[in-house]
Amino acid sequence: MDTDTQNAVDHIRENIQSLDPYADIYVLPLSGYGYNRETEIYILTPKEIDYAVEQQYVNARYEAEKFSGQSFKMYLFNKSDWHQNHIETPIYEKVHNEGIML
């Protein structure tokens, strides 16, 4: 991860931990090709996810994008749902094998 991306990811981590200190945060740096390359952030929270909770995380991502000038893809999952319903999926394996846990 380059320095600018690392600074932005640190900013995201701080914002998310202020919302939920129990969230697990995984980063998959720069996926995609050409102009569509974006860092993917997977957030696993013990909270039940509703619109209000989702908006808090979207706002945290937006602040990091403003701070860094970079764009991020963010995926928000309830932690139990992630481990129960997604364990057999390729993205689950990719996040846990290639992702950087913050």
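Throughout, read-outs are computed from the coordinates displayed, never taken from laboratory work. Bear in mind the structure is a predicted one, so any value in this text is a computation, not a measurement. Because the Cβ atoms are built from the backbone with ideal geometry, glycine has one as well, and the counts that use them run over all protein chains shown.
If each residue's Cβ is checked for other Cβ atoms within 10 Å, how do 45, 5 rank with the fewest at the top?
Details: 45 20, 5 16.
The most exposed by this proxy come first: 5, 45.
Report for the chain the percent antiparallel among DSSP-assigned beta bridges with both residues inside it, nearest 5. Could you put the intermediate results ahead of the total?
Values: 8 of 15 bridges.
Counting only bridges with both partners in the chain, antiparallel ones make up about 55 percent.
A simple spin-label model places the labels of residue 48 and residue 14 3.3 nm from each other, with each point 7 Å out along Cα-to-Cβ. Ordered by the count of other Cβ atoms within 10 Å of each Cβ, fewest first, 10, 4, 50 give 50, 4, 10. The string of couplings for segment 87-102 from the Karplus curve (6.51, -1.76, 1.60, θ = phi - 60°) is 4, 8, 9, x, 5, 4, 4, 5, 4, 7, 9, 10, x, 9, 7, 8 Hz, one whole number per residue in order, with x for Gly and Pro.
Using a cutoff of 8 angstrom between alpha carbon atoms and counting only pairs six or more residues apart, the relative contact order for the chain works out to 35 percent.
For the chain, the mean residue ellipticity at 222 nm estimated from helices alone is -16000 deg cm²/dmol, where every DSSP H run of n ≥ 4 contributes -39500 (n - 2.57) and the total is divided by all residues, rounded to the nearest 500.
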